[in-house]
Amino acid sequence: MYETTDASALTGAAPPRGVRVDRDDNDNGNDNAFRRDLLAGLSKTPRSIAPKYFYDAEGSALFDRICELPEYYPTRTERHILERHGREMAEVVGPHADIIEFGAGSLEKIRILLHSFGARALPRRYFPIDISAAHLEAAASRLHADYPWLQVRPIAADYMKEAQLSGLDASTGRRVGFFPGSTIGNFDADEAMAFLQLAARVLEGGGLLVGVDLVKDPQTLHRAYNDAQGVTAAFNMNLLRRANAELSADFDLREFGHYAFYDPRKCRIEMHLVSRCAQTVHVAGRDFSFDEGESLHTENSHKFTIEGFRKLAVSAGFRPGPVWTDDAQLFSVHWLESPEGGMGAS
């Protein structure tokens with residue numbers, strides 16, 4: 001359920017009492033990073049851009065719509081797992097934890113987890129981290145209105161950049177990470193390892209609850225990323241609209257198409273924006289020529305086996321604990337412990 005958004009979260013006024021928004025002042029927002037990374041991505045072969053740039057306000061709203069689509073199983077399946085096994089998860093999290101959610105989005109799944117704690121074991125602080133500041137502030141305002149006892153401290157940052165996470169200095173309790181949605185699957189192998197190693201450092205002495213999509217029938221995956229309503233296509237195309245609005249680009253959205261497919265050899269969905277014709281695009285004062293059929297690679301979504309992901313977690317310094325899945329084995333949620341002293345701790 002979405003409650004009315006506090007207007008202050010959208011207008012730039014001070015957020016409601018109990019909600020503090022931390023930003024990285026050295027990055028001058030995400031506009032410069034978007035420009036830099038898009039220009040770099042367009043300049044290389046093959047062309048690609050990190051999927052984190054999907055998530056401006058419009059992209060975040062489109063992703064919320066994707067999560068409600070009948071074809072898109074991950075969100076409802078993970079919600080079911082959280083609802084069914086939430087009490088077990090709350091037990092491994094422990095009482096009075098500081099919960100840190102990486103890539104928090106709309107802050108809907110944390111609500112399920114919060115309902116699973118007993119009155120004497122409630123978390124003390126919640127630190128949602130997300131790159132889309134406006135979307136994050138609005139969601140944090142709604143959450144605090146519903147859970148006034150919880151200290152909600154949003155951090156508008158790129159959670160892959162440890163230097164931007166200074167807002168976590170306010171965390172003085174046992175730290176537990178929450179990383180739902182199988183966002184881990186958007187990383188390549190090196191990025192996934194880098195994230196898990198960063199999380200193990202940040203969460204030392206605590207642990208991480210992480211959602212992981214599983215290898216399955218390719219047709220199920222194809223439908224999930226090529227929905228009949230075209231919402232995923234609009235989400236993908238919004239990257240070009242954002243570039244036009246923010247970077248003085250002139251992408252003709254009619255001349256690009258959404259293309260998503262499953263590669264069984266790499267166990268991943270790939271999403272691309274494919275040029276329908278030979279054309280030249282101007283971005284931030286630079287020219288980029290596309291051949292017909294040439295693409296901008298916008299996202300990977302890797303799928304894992306349970307044992308494969310547990311091995312990855314061990315390599316990053318975690319101790320794998322319980323794993324919860326749905327009956328059809330579509331999706332999994334893992335508990336990973338981050339021992340004091342990191343890898344090799346007894």
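The values are calculated or read from the model by the stated rules, or taken from the named source; none is laboratory data. Since this is a predicted model, take the numbers as computed values, not measurements. Backbone-built Cβ (ideal geometry, glycine too); neighbour counts: all protein chains shown.
Out of Asn244, Asn300, which single residue is closer than 25 Å to Ala192 by Cα and either modelled with pLDDT of 95 or more or not β-branched (Val, Ile, Thr) (or both)? Full working, then the answer.
On the way: Asn244 fails: closer than 25 Å to Ala192 by Cα.
Result: Asn300 is the single residue among Asn244, Asn300 that is closer than 25 Å to Ala192 by Cα and either modelled with pLDDT of 95 or more or not β-branched (Val, Ile, Thr) (or both).
Within the range 284-302, how many residues turn out to be of a type outside the set (S, T, N, Q) and either closer than 18 Å to Ile184 by Cα or without any contact (Cβ under 8 Å) to a residue 60 or more places away in the chain (or both)? If you could, list the steps in order and put the result at the bottom.
To start, the set of residues in the range 284-302 that are of a type outside the set (S, T, N, Q) comprises 284-288, 290-294, 296-297, 299, 302.
When the remaining residues are screened for being either closer than 18 Å to Ile184 by Cα or without any contact (Cβ under 8 Å) to a residue 60 or more places away in the chain (or both), the result is 285, 287, 290-293, 297, 299, 302.
Adding up the residues that qualify gives 9.
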* Among Leu312, Leu336, which is out of contact with any strand residue (DSSP E or B) (no Cβ under 7 Å at 6 or more places or on another chain) and not small (Gly, Ala, Ser)? -> Leu312
* Leading residue by the ranking (surrounded by the most Cβ atoms within 10 Å (Cβ to Cβ)) among those in the range 325-346 that are within 20 Å of the chain's Cα centre (by Cα) and among the hydrophobic types (A, V, I, L, M, F, W, C) -> Leu336
* For Glu307, all conditions in the list (1) out of contact with any strand residue (DSSP E or B) (no Cβ under 8 Å at 6 or more places or on another chain); (2) more than 24 Å from Asp188 (Cβ to Cβ) hold save one; what is the number of the exception? -> (2)
* Inside the range 35-68, can you point out the residues that are basic (Lys, Arg) and either buried (at least 17 other Cβ atoms within 10 Å of the Cβ) or not in a helix (DSSP H, G or I) (or both)? -> Arg35, Lys44, Arg47, Lys52
* When you look at Asn300, is it over 15 Å from Pro51 (Cβ atoms), buried (at least 16 other Cβ atoms within 10 Å of the Cβ) and polar (S, T, N, Q), yes or no? -> no
* Would you please list the contacts, defined by Cβ atoms under 8 Å and residues six or more apart or on different chains, that run from a residue in the range 303-323 that is without any contact (Cβ under 8 Å) to a residue 40 or more places away in the chain to a residue that is of a type in the set (Lys, Arg)? => Pro320/Arg310; Val323/Arg310
* Could you tell me whether any residue of the range 148-161 is touching a Lys or Arg at 6+ places or on another chain (Cβ under 6 Å) and polar (S, T, N, Q)? => yes
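Any residue at all in the range 25-34 that's buried (at least 17 other Cβ atoms within 10 Å of the Cβ), assigned to a helix (DSSP H, G or I) and modelled with pLDDT of 90 or more? Reasoning before the result, please.
Let us first name the residues in the range 25-34 that are buried (at least 17 other Cβ atoms within 10 Å of the Cβ), namely 30, 33-34.
This time we only want the ones that are assigned to a helix (DSSP H, G or I), so: 33-34.
Narrowing further to those that are modelled with pLDDT of 90 or more: 33-34.
Scanning the range 25-34, I find at least one residue that is buried (at least 17 other Cβ atoms within 10 Å of the Cβ), assigned to a helix (DSSP H, G or I) and modelled with pLDDT of 90 or more, so the answer is yes.
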